[in-house]
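First comes the structure, then the notes that go with it.
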Amino acid sequence: MKLRAKLTRGAGSAAAALAMVFKPAESAQAHRRAITAPHLVALVRNGARFKSGHLVERPKVAAA
């Protein structure tokens with residue numbers, strides 16, 4: 001019996017990876033809540049923290 005593990009390792013190419021991810025991503029998009037505050041996306045991408053929907057301010061650290 002010959003093992004054929006190499007044939008199933010990895011996606012193979014960028015196009016194949018995109019094809020494998022497309023349908024699950026499309027399905028997840030249909031079930032997730034839409035972004036209702038696009039102006040806050042930039043804050044989240046920059047590392048801002050939110051708790052119960054409110055922005056949590058980080059304490060300012062004094063320079064030594």
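So is LYS2 of a type in the set (D, E, K, R), part of a helix (DSSP H, G or I) and at pLDDT below 80 or not?
So LYS2 fails the test.
Would you mention how many residues in the range 5-22 are surrounded by 10 or more Cβ atoms within 10 Å (Cβ to Cβ) and modelled with pLDDT of 75 or more?
So the answer is 7.
Going residue by residue through the range 43-53, is there one that turns out to be of a type in the set (Gly, Ala, Ser), surrounded by 10 or more Cβ atoms within 10 Å (Cβ to Cβ), in a loop (DSSP other than H, G, I, E, B) and at pLDDT 80 or above?
Yes.
The values are calculated or read from the model by the stated rules, or taken from the named source; none is laboratory data. Because the structure is predicted, anything quoted here is derived from the model rather than measured. Using ideal geometry, Cβ is built from the backbone for each residue, glycine included, and neighbour counts are taken over all protein chains shown.
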